[in-house]
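Asks: Okay, here's the structure, questions in a sec.
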Amino acid sequence: MHVVAEPCVGCKYTDCVVVCPVECFYEGEKMLYIHPEECIDCEACVPECPVEAIFHEDNLPEEWKNYIEINAVESEKSEVITEKQEPLADN
Ligand code: F3S
């Protein structure tokens, strides 16, 4: 499965949600989460993120391994997001 990691925090560009064929992105206050059981590993979102926040779990940098758990837990508690919105970041 794929995971949204730390670069998304405070950014939320939301380019990723538009290309997801299974609508597996969920919106938190500061970042987005991928639902691990819904992601089909199509990789469409990976090149869309301007800050390279999305990784296959096997390619996650060591310091961001905790985001596997964060995505799993928080996606369960959050609302699905399927449309692009204004990012939190300025650029
Ligand atoms: Fe976050 Fe990148 Fe999507 S900043 S909202 S993972 S396009």
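Asks: Find the residue count for region 1-47, including only residues that are within 17 Å of L88 (Cβ to Cβ) and not β-branched (V, I, T).
Replies: Qualifying residue count for the region: 19.
So that you can scan it fast, the table gives a plain yes or no per residue for (1) open to solvent by 60 Å² or more (accessible area, probe 1.4 Å); (2) assigned to a loop (DSSP other than H, G, I, E, B); (3) within 12 Å of the ligand (Cβ to nearest atom); (4) under 19 Å from K77 (Cβ atoms):
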{"residue": "K12", "(1), (2), (3), (4)": "no, yes, yes, yes"}
{"residue": "V17", "(1), (2), (3), (4)": "no, no, yes, yes"}
{"residue": "Y26", "(1), (2), (3), (4)": "no, no, yes, yes"}
{"residue": "K30", "(1), (2), (3), (4)": "yes, yes, yes, yes"}
{"residue": "C39", "(1), (2), (3), (4)": "no, yes, no, yes"}
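Asks: Read through the list (1) in a loop (DSSP other than H, G, I, E, B); (2) exposed (fewer than 12 other Cβ atoms within 10 Å of the Cβ), then give the number of the only condition that E69 fails.
Replies: That leaves (1) as the condition not met.
The values are calculated or read from the model by the stated rules, or taken from the named source; none is laboratory data. Keep in mind that what you see is a predicted model, and the values were worked out from it rather than measured. Cβ coordinates were reconstructed from backbone atoms using ideal geometry, including for glycine residues, and neighbour counts include every protein chain displayed. When the accessible area is computed, the model is the full protein with side chains, heavy atoms only, and any ligands, DNA or RNA have been set aside. Shrake-Rupley method; radii C 1.70, N 1.55, O 1.52, S 1.80 Å.
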